[in-house]
Amino acid sequence: MKLRKVFLSAAISATVLLTGCGPIKEEVSVNFAETYTASNEKLASYTDLVWESADTAVVEVNGSEMLGLAPGSTIVTAKSGDSIVAEYTVTVDIVPVTGIVLSTNSTELVEGDALKVTYTLFPDNASDFGIQWRSADESVATVTTEGEILALKVGQTTITASTTDGIIAT
């Protein structure tokens, strides 16, 4: 009888040891343009970790920091030699833009003058994929992809800033 108990106890201990030896597996959600840093204490014992993202268009890695670049999911691994010691399923979420405010709503420029217009998105943590700028009359004024308006001749035009979410400001 005692032999049977010892054998059963040893089998349970071996199972616990084997399951504790596998790679760390976690699921992580991060907003677009935000960073998640892996902080599992088991990783601290490794000095030679190499971090890789399966899709660098979705998540960029710098050491244990994972930066969300585009909506979607990908796998980020940490390897020690040939062994995967950690595997993170990272999902990048988008926070929709609900509003845009320009640094100016109206201005007068002299021919040849330039003005850089900046913007603020709402909510504060909205996913900023950038703004598309457009001039209604490019013979009067042009606008660069960075929001710099250049006055070309006398006249009036409307400069429009729009987000990929369809939010518009003029």
note = Rounded to the nearest 10, the angle in degrees between the Cα long axis of helix 2-19 and the longest principal axis of the Cα atoms of the chain comes to 20
key: Interchain or long-range residues, amide H under 5 Å from Glu148's placed H   = Val117
message = Could you report the accessible area of Ser139 in Å², rounded to 10, computed with a 1.4 Å probe on the protein chains as they sit in the structure?
response = 60
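How much of the accessible area of the chain, probe 1.4 Å, is carbon plus sulfur, in whole percent?
Numbers: 5840 of 10930 Å².
Carbon and sulfur together cover 53 percent of it.
Take every Cα pair under 8 Å in the chain that's 6+ residues apart, average their separations, divide by the length, and report that relative contact order as a whole percent. Walk me through the intermediate numbers first.
Numbers: 322 pairs, mean separation 29.6, N = 170.
The normalised contact order for the chain reaches 17 percent.
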request  = With a 1.4 Å probe and every protein chain left in place, tell me how much accessible area Lys25 has, in Å² to the nearest 10.
outcome  = 140
ask   = In sequence order, what are the phi-derived ³J(HN,Hα) couplings for the stretch 135-144 according to the Karplus relation 6.51 cos²θ - 1.76 cosθ + 1.60 with θ = phi - 60°, rounded to whole Hz, with x for glycine and proline?
value = 9, 5, 9, 6, 7, 8, 7, 10, 9, 7
ask   = Of Val154, Val61, which has the most accessible area with a 1.4 Å probe, and how do the rest follow in descending order?
value = Val154, Val61
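If each DSSP helix of 4+ residues adds -39,500 (n - 2.57) and the sum is divided by the residues in the chain, what number results at 222 nm, nearest 500 deg cm²/dmol? All intermediate terms of the calculation are to be shown ahead of the outcome.
Numbers: 1 runs with 18 residues, N = 170.
So the helix-based figure for the chain works out to -3500 deg cm²/dmol.
The values are calculated or read from the model by the stated rules, or taken from the named source; none is laboratory data. The model shown is predicted, which means the values in this text are computed figures rather than measured ones. Please note that ligands, DNA and RNA were not included when accessible areas were found on the heavy atoms of the full protein model with its side chains. Shrake-Rupley method; radii C 1.70, N 1.55, O 1.52, S 1.80 Å.
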